[in-house]
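Peer 1: Following this message is one structure expressed as structure tokens.
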Amino acid sequence: MEWQIIVALVIAIPVILFPVAFVWFLNIGGLYASVKEARARRVAHAKGAKVALEVK
């Protein structure tokens with residue numbers, strides 16, 4: 001491989017992978033928030049709470 005191809009790969013790979021990693025991070029964060037909210041709702045339902053929940 002010539003050095004120009006290696007330099008192009010070193011530059012192109014992070015440019016391609018950064019948006020992929022960012023979208024993955026957003027999806028995992030959303031899943032975490034909804035699981036946390038569902039657990040809080042389940043606990044409140046088990047305790048018989050009639051008020052709205054605020055998940056921190």
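The values are calculated or read from the model by the stated rules, or taken from the named source; none is laboratory data. This structure is a prediction, so every number in the text was calculated from the model and none was measured. Neighbour counts run over all protein chains shown; Cβ positions are idealised from the backbone, glycine included. Remember, those area values only see protein heavy atoms, side chains included, never the ligands or the DNA or RNA. Shrake-Rupley method; radii C 1.70, N 1.55, O 1.52, S 1.80 Å.
Peer 1: Name the residue farthest towards the positive end of the dipole of the chain from the options ASN27, GLN4, PRO14, assuming +1 on Cβ of Lys and Arg, -1 on Cβ of Asp and Glu, about the Cα centre.
Peer 2: In the chain, that residue is ASN27.
Peer 1: Additional query: Lys and Arg at +1, Asp and Glu at -1: add these up for the other residues within a Cβ distance under 13 Å of VAL35 and post the number.
Peer 2: Values: positive: LYS36, ARG39, ARG41, ARG42; negative: GLU37.
Once all neighbours under 13 Å are counted, the net charge is +3.
Peer 1: Here's something else I'd like to know. Any idea what angle helix 3-47 forms with the longest principal axis of the chain, computed on alpha-carbon atoms, 0 to 90 degrees, nearest 10?
Peer 2: 0
Peer 1: What percentage of the solvent-accessible surface of the chain, computed with a 1.4 Å probe over protein heavy atoms, is contributed by carbon and sulfur atoms?
Peer 2: Working: 3940 of 5410 Å².
Of the solvent-accessible surface of the chain, carbon and sulfur hold 73 percent.
Peer 1: State whether the chain is rounded, prolate or oblate according to the following rule on the C-alpha gyration tensor (a ≥ b ≥ c being the square roots of its eigenvalues): a/c under 1.5 gives rounded; otherwise a/b larger than b/c gives prolate, and the remaining case gives oblate. Kindly include the intermediate steps, with their values, before the conclusion.
Peer 2: Numbers: a/c = 10.03, a/b = 6.43, b/c = 1.56.
It comes out prolate by the Cα gyration axes.
Peer 1: Where the only charges are on Cβ atoms (+1 Lys, Arg; -1 Asp, Glu), what is the dipole of the chain about its Cα centre, to the nearest 20 debye? Mind dumping the intermediate values first?
Peer 2: Details: 7 positive and 3 negative charges, 151 e Å.
Charge dipole of the chain: 720 debye, to the nearest 20.
Peer 1: Heavy-atom accessible area per residue, the chain, 1.4 Å probe: how many Å²?
Peer 2: On the way: 5410 Å² over 56 residues.
On a per-residue basis, 97 Å².
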